């Protein structure tokens, strides 16, 4: 155990330089030393955090300068760091890349300042030597209020290559060289259309984390990095105690559905929900006695045939939706509840048909970016006029939404385009947007209250008293 909690930010000179690889190597190396490492991911990315969790043994949490306020980010950071010796925050894109080209808003540099942490810059040195000093010097001096304290080079050819890089930095920049990771094919994590493969798929063997740790021990100055890491000032924020569980919310979680902000689930718990995970791929039906279902994002298109083959699950989901069971679906969840997924190759694959819409895959991202929504009608997540922020990241589009009611007005922050979103049928609300519930603290309580109302309308008892039952009435007029 360290005498005081410490932390630092792992940032990149650009996207694709290997931030996640370096972060995983550091996590594994410090765990080998017996430290408890808590990880965070800047930005809306779900996938990197899943790999963090496998390496650290603790759930990774998202920080975001656009979706959430500075105060909320600090609270998430403080709560998440509870009982950890070391906190590692992995950045998003390049260090200074954010929501626009004029400011640091939404960038890793903004988050580092908010948290008071030094930055460790990751540079892909595979095609450079002395030029690396100019690049590092630029990052170190671009914003004098930011401490770019160290640099770790990635994809280095070997010790002689690193020596050139180290010599180049000597005296030319205040940023300290801390070592490197070699260019090794066996430590590359496979990628696909939305980024790295997900950790839950176990396409990355557990042995890779041992290799990460061994390499970092050999080629990174871990002691110097601990000296650079900043003490985390103040006491941990008190973790709000959750209310006694009054509803059960089923959460779809398996290889097809794994995109959730941990803070969303925690917010539901604090509002009085018991979270019960289940697998649409492997389970024969919904968990007994659930009062609502939360369908997160993921890759249902990759597992469409397996999902379609689980007819007992589909029949129950369809039947419960018809009876009025509240369901909230994001992105991949919307795709599962659709009538069909039209793939790029092969015939359409039938899905649960809870919603009378068809989804077709695209070769490119559709409506990518941060999005703010206004609720145009009362819905499962809140009252008309409420606002929330989230993110859109998908390679598919709705082909035909028919006459489905829309309860969102969604504004893409990048394109400024507005369009109807948030599609409703009975007590189902489905959207392509991944909303962060802490962007509007009323969302989680509204979801729980809606589920309570659905249960009360059919005369069932509270969650701790109810005999497990699946029937749900419709509380909506």
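Only residues that are touching a strand residue (DSSP E or B) at 6+ places or on another chain (Cβ under 7 Å), in contact (Cβ under 8 Å) with a residue 60 or more places away in the chain and surrounded by fewer than 21 Cβ atoms within 10 Å (Cβ to Cβ) were counted in the range 22-40, giving 1.
Among the residues of the range 103-135, those identified as touching a helix residue (DSSP H, G or I) at 6+ places or on another chain (Cβ under 7 Å) and without any contact (Cβ under 8 Å) to a residue 60 or more places away in the chain are 104, 114, 125, 129, 130, 132, 133. For the range 56-160, the helices (runs of 4 or more DSSP H) that sit wholly inside it and include 1 or more residues that are farther than 24 Å from residue 260 by Cα are 108-115, 131-142.
Here are 286, 281: which of them is touching a strand residue (DSSP E or B) at 6+ places or on another chain (Cβ under 9 Å) and either surrounded by fewer than 19 Cβ atoms within 10 Å (Cβ to Cβ) or part of a helix (DSSP H, G or I) (or both)? Walk me through how you get there before you give the answer.
Working: 286 fails: either surrounded by fewer than 19 Cβ atoms within 10 Å (Cβ to Cβ) or part of a helix (DSSP H, G or I) (or both).
Just one listed residue meets the conditions, 281.
Only one of the numbered conditions (1) under 17 Å from the mean Cα position of the chain (by Cα); (2) surrounded by 24 or more Cβ atoms within 10 Å (Cβ to Cβ) is violated by residue 72, and that is (2).
Against the criterion of being assigned to a loop (DSSP other than H, G, I, E, B) and either more than 27 Å from the chain's Cα centre (by Cα) or under 22 Å from residue 247 (Cα atoms) (or both), residue 302 does not qualify.
Each row is one residue, and each column tells you yes or no for (1) in a helix (DSSP H, G or I); (2) modelled with pLDDT of 95 or more.
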| position | (1), (2) |
| --- | --- |
| 1 | no, no |
| 9 | no, yes |
| 15 | no, no |
| 22 | yes, yes |
| 26 | yes, yes |
| 30 | yes, yes |
| 35 | no, yes |
| 40 | no, yes |
| 45 | no, no |
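For residues in the range 190-234 being touching a strand residue (DSSP E or B) at 6+ places or on another chain (Cβ under 6 Å), crowded, with 18+ Cβ neighbours inside 10 Å and in a loop (DSSP other than H, G, I, E, B), which is modelled with the lowest pLDDT? That would be 198. Taking the conditions exactly as written (crowded, with 19+ Cβ neighbours inside 10 Å, modelled with pLDDT of 95 or more, outside the structural domain of residue 442 (by TED's automatic domain parsing) and not in a helix (DSSP H, G or I)), does residue 178 satisfy them or not? Considered against the rule, which asks whether it is crowded, with 19+ Cβ neighbours inside 10 Å, modelled with pLDDT of 95 or more, outside the structural domain of residue 442 (by TED's automatic domain parsing) and not in a helix (DSSP H, G or I), residue 178 comes out as yes. Residue count for the range 305-352, restricted to those that are within 22 Å of residue 427 (Cα to Cα), more than 22 Å from the chain's Cα centre (by Cα), in contact (Cβ under 8 Å) with a residue 24 or more places away in the chain and part of a helix (DSSP H, G or I): 10. Residues in the range 371-394 that are surrounded by 16 or more Cβ atoms within 10 Å (Cβ to Cβ) and outside any strand (DSSP E or B): 376, 380, 381, 386, 393, 394.
The values are calculated or read from the model by the stated rules, or taken from the named source; none is laboratory data. Keep in mind the model is a prediction, meaning the values are calculated, not measured. Glycine gets a Cβ as well: all are built from the backbone with ideal geometry, and neighbour counts include every protein chain shown.
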